[in-house]
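Below is one structure, written out as structure tokens; the observations come after it.
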Amino acid sequence: MLEDFKVVTPLVKLASFTDNDAYIKLEGSNLFGSAKDRCAIYVLTKLLEQGTIGPDTEIVESSSGNMGVALAAVGARMGLKITIMIDESISKLNEFLITSFGARTVKITQADENGSYLKARLQMVRDYIAGRDDVYWFNQYGNPLVIEAYRETVGRELCRQLPDVEYVFVAISSGGTIAGISQALKEHNAAIQVVAVDLEGSKIFDPCTKAVKHLTGIGSSVRSENVERAVFDDRIVIDEASSLQALRDLLGREQLFLGGSTGCVAAGARKYMKDHGLAGRKIAMVSHDRGDRYYNNLYSKYFS
Ligand SMILES: Cc1ncc(COP(=O)(O)O)c(C=O)c1O
């Protein structure tokens, strides 16, 4: 149904990583702008094929970011009814895209004790779906189909594009992307090392952290079921200043205008390879999205 929207994203060599043979997979080249397109297309197609959802089912998800945009776009293309639980921290652009694509939104205005809206958004979804059988909760935080989606799409694709890769670095938040990609890589070659990259201030690996994070997309205030299911070999936590410096390098030295989480992944990959004395190895990074969606709240703020 959505064959025209299934693209192979580019894998680009990074000349500025002089100590390693380094590549970056540009998931922002998906047609609706992020890795989440893969997930929305794969999972909704599968659910319709299985008969789990039908044309009248309402699909609900909690997201103020790429998942909301991807579901709104893909759902509209499939003629599905989409409701996205957003919060008041959402960027104007993401809200514009989600509503323009035709999804309904419900906005949360009360943050929790961590200043995050995630728990409130998830509770809102639980209340919304309670006792209803005409609603399906997409649930990127706990749906195993989400992991399958990344395994069968971007994961398999990366194995084909770089069969002899040795280290792969992936941002972690709800955990689906790294869980799926690592499954594909390990099936291809169990020796490939997959490293999760998180941002300082995230509670995934440090539930007691007091650091405040500003970059969006990466990290989380809760550790999800899909993070528990994800199998990776190691992890590295990067601060925001290093992430911003890496974004600046990608922009100025590689002419790549990428989203905030990619800065964190690039900084993480560089530091990890240096700290572990792994010069000369072949590495890949996954970039979730492009910089366009972050111009107003990141690039124009920190890069002027
Ligand atoms: C820009 C960006 N980077 C990284 C991630 C992390 O992916 P996941 O939630 O699958 O762990 C996301 C997820 O929303 C994202 O939007």
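The values are calculated or read from the model by the stated rules, or taken from the named source; none is laboratory data. Because the structure is predicted, anything quoted here is derived from the model rather than measured. Here the Cβ is made from the backbone with ideal geometry for all residues, glycine too, and neighbour counts use every protein chain on show.
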Next item on the list: Tell me which residues, restricted to the stretch 133-171, are within 13 Å of the ligand (Cβ to nearest atom) and more than 15 Å from C39 (Cα to Cα).
Entry: F169, V170, A171
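Residues checked against (1) modelled with pLDDT under 95; (2) touching a Gly at 6+ places or on another chain (Cβ under 7 Å); (3) within 10 Å of the ligand (Cβ to nearest atom); (4) not assigned by TED's automatic domain parsing to the domain that holds E200:
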{"residue": "T216", "(1), (2), (3), (4)": "yes, yes, yes, no"}
{"residue": "E228", "(1), (2), (3), (4)": "yes, no, no, no"}
{"residue": "D234", "(1), (2), (3), (4)": "no, no, no, no"}
{"residue": "L244", "(1), (2), (3), (4)": "no, yes, no, no"}
{"residue": "R248", "(1), (2), (3), (4)": "no, no, no, no"}
{"residue": "E254", "(1), (2), (3), (4)": "no, no, no, no"}
{"residue": "G260", "(1), (2), (3), (4)": "no, yes, yes, no"}
{"residue": "C264", "(1), (2), (3), (4)": "no, no, yes, no"}
{"residue": "G280", "(1), (2), (3), (4)": "no, no, no, no"}
Margin query: I need a count of the residues in the stretch 66-89 that are in contact with a strand residue (DSSP E or B) (Cβ under 8 Å, 6 or more places away or on another chain) and either in the same structural domain as G219 (by TED's automatic domain parsing) or within 16 Å of the ligand (Cβ to nearest atom) (or both).
Written below: 11
Notebook entry, point to check: So is N226 in contact (Cβ under 8 Å) with a residue 60 or more places away in the chain and of a type in the set (S, T, N, Q) or not?
Noted result: yes
Item checked: Filter result for the condition that a residue is assigned by TED's automatic domain parsing to the domain that holds A269 and either more than 24 Å from V168 (Cα to Cα) or within 16 Å of the ligand (Cβ to nearest atom) (or both), over L47, L26 -> L26
Notebook entry, point to check: Which residue out of D292, D233, D249, D275 is without any contact (Cβ under 8 Å) to a residue 40 or more places away in the chain, among the charged types (D, E, K, R) and out of contact with any Pro (no Cβ under 9 Å at 6 or more places or on another chain)?
Noted result: D275
Item checked: Set E113, E148: member being assigned by TED's automatic domain parsing to the domain that holds D275 and either in contact with a Gly (Cβ under 8 Å, 6 or more places away or on another chain) or within 30 Å of A211 (Cα to Cα) (or both) -> E148
Notebook entry, point to check: Restricted to the stretch 282-304, and to residues that are within 16 Å of the ligand (Cβ to nearest atom) and among the polar types (S, T, N, Q), which residue is nearest to the chain's Cα centre (by Cα)?
Noted result: S287
Checklist line | strands (runs of 3 or more DSSP E) contained entirely in the stretch 192-303, each with at least 1 residues that are of a type in the set (S, T, N, Q) | finding: 193-199, 282-287
Next item on the list: Would you please name the residue that is farthest from the chain's Cα centre (by Cα), looking only at residues in the stretch 102-120 that are within 30 Å of M285 (Cα to Cα) and crowded, with 20+ Cβ neighbours inside 10 Å?
Entry: Y117
Next item on the list: Determine which single condition T9 fails, assuming it passes every other condition in (1) in a loop (DSSP other than H, G, I, E, B); (2) away from the ligand (no atom under 16 Å from the Cβ); (3) within 28 Å of F257 (Cβ to Cβ); (4) touching a residue at least 12 places away in the same chain (Cβ under 8 Å).
Entry: (2)
Next item on the list: Tell me, yes or no, whether the stretch 176-185 has at least one residue that is more than 17 Å from the chain's Cα centre (by Cα), over 30 Å from I84 (Cβ atoms), modelled with pLDDT of 95 or more and more than 11 Å from the ligand (Cβ to nearest atom).
Entry: yes
Margin query: So, E61, is that one in contact with a Leu (Cβ under 6 Å, 6 or more places away or on another chain) and either aliphatic (A, V, I, L, M) or assigned by TED's automatic domain parsing to the domain that holds L97 (or both) or not?
Written below: yes
Margin query: Please determine whether any residue of the stretch 254-271 is over 17 Å from I24 (Cα atoms) and either surrounded by 15 or more Cβ atoms within 10 Å (Cβ to Cβ) or not hydrophobic (A, V, I, L, M, F, W, C) (or both).
Written below: no
Notebook entry, point to check: Quick one: which of A246, A230, A241 is of a type in the set (G, A, S) and surrounded by fewer than 22 Cβ atoms within 10 Å (Cβ to Cβ)?
Noted result: A241
